Amino acid sequence: IAEAKLNFQQAIDEDPDFYEAYMMMGEICEHEKNDSVAVVVYKKAVELDPDRFPAAFQILADIEYKNGWYQDAVVHYQKYLSYEGTHGASQIKAEKHLANCEFAIIAMRNPVPFAPINLGQNVNTVFNEYFPCLTADNQTLLFTRLLQDTRSITGRQEDFFVSIYKEGWQSSSELGPPINTIYN
């Protein structure tokens, strides 16, 4: 990868208008998880020739979306969706992410108070726990916990847990199959 990166940089140095070299350099930066540089490189490519590969706008927007750079992602999703050739799953994904970006921008401008309460060691752990839901009688708590799990492709697994309230929250337990199942 280092040699390819060097070769593409040399190509760009020799021909600053070499669109494909910028696109390949962006792909390498993505592979290296260097998103901020990948965005700069992809922006240069679409600046050189915005119509050559319309999907470059979606690639760019996806990186921005993933990093929470919503303003720029909105611009690039809109540009991608403005092309007539967009369709299918990529169009649906771009539309969904565009709507999410627009919502995030509004939500960030209008924050609401948030004061989570730790329910104690019977419920809360060192792992990320989220999406809590109480039953109508306030006696059963259902929530998601993100666990480390080597059986999963990602090395992580989201599972549902439940805790019952009886003079305090009881030790939470995993729901198990068929609700909690690992899909590789």
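No lab work stands behind these numbers, since they all come straight from the coordinates. These numbers come from a predicted model, not from an experiment. All Cβ positions, even for glycine, are placed from backbone atoms using ideal geometry, and neighbour counts span all protein chains on display.
Looking at segment 72-173, which GluC sites (Glu not before Pro) are DSSP coil and have at most 10 other C-beta atoms within 10 Å of their C-beta? Please list the in-between numbers first.
Numbers: sites: 84, 95, 102, 129, 158, 167; in loops: 84, 167.
Sparse-neighbourhood loop GluC sites (Glu not before Pro): 84, 167.
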The set of residues whose placed amide H lies less than 5 Å from the amide H of residue 119, leaving out same-chain residues fewer than 5 positions away, is 124
Could you run the Karplus curve 6.51 cos²θ - 1.76 cosθ + 1.60 with θ = phi - 60° over segment 86-96 and give me ³J(HN,Hα) per residue in whole Hz, x for Gly and Pro? 6, 6, x, 4, 5, 5, 4, 4, 4, 5, 5
Work out how much length residue 83 to residue 150 would gain on full extension: take 0.36 nm times their residue separation and subtract the Cα-Cα distance, in nm to one decimal. 20.0 nm
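Between residue 122 and residue 49, what is the FRET efficiency for a Förster distance of 41 Å, r being their Cβ-Cβ separation, to the nearest 0.05? Show your work: numbers first, answer last.
Details: r = 59 Å, r/R0 = 1.44.
E between residue 122 and residue 49, to the nearest 0.05, is 0.10.
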Karplus couplings for segment 117-126 from phi (6.51 cos²θ - 1.76 cosθ + 1.60, θ = phi - 60°), rounded to Hz, Gly and Pro as x? 10, 6, 8, x, 5, 6, 10, 8, 10, 6
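Counting other C-beta atoms within 10 Å, and keeping those with at most 14, which DSSP coil GluC sites (Glu not before Pro) do you find in segment 1-36?
Values: sites: 3, 14, 20, 27, 30, 32; in loops: 32.
Sites meeting the loop and neighbour criteria: 32.
In deg cm²/dmol and to the nearest 500, what is the mean residue ellipticity at 222 nm of the chain if only DSSP H runs of at least 4 residues count, each as -39500 (n - 2.57), divided by the residue total? If you can, show how the numbers build up before the last one.
On the way: 6 runs with 88 residues, N = 184.
Here the helix-only value at 222 nm equals -15500 deg cm²/dmol.
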Where is the GNM fluctuation largest for the chain (alpha-carbon springs, 10 angstrom cutoff): 132, 113, 50? 132
Can you work out ³J(HN,Hα) from phi for every residue in segment 160-175, in order, using Karplus 6.51 cos²θ - 1.76 cosθ + 1.60 and θ = phi - 60°, giving whole Hz and x for Gly and Pro? 8, 10, 9, 9, 9, 8, 9, 6, x, 6, 7, 3, 6, 9, 6, 5
Chymotrypsin sites (Phe, Trp or Tyr not before Pro) in segment 4-76 lying in a DSSP loop, each with at most 13 other Cβ atoms within 10 Å of its Cβ, come to none
Net charge near residue 69, counting Lys/Arg +1 and Asp/Glu -1 over other residues with Cβ under 13 Å of its Cβ? -2
For a 20 Å ceiling on Cα separation, which of these pairs sit above it: 33/96; 43/96; 43/79; 33/79; 44/96? 33/96; 43/96; 33/79; 44/96
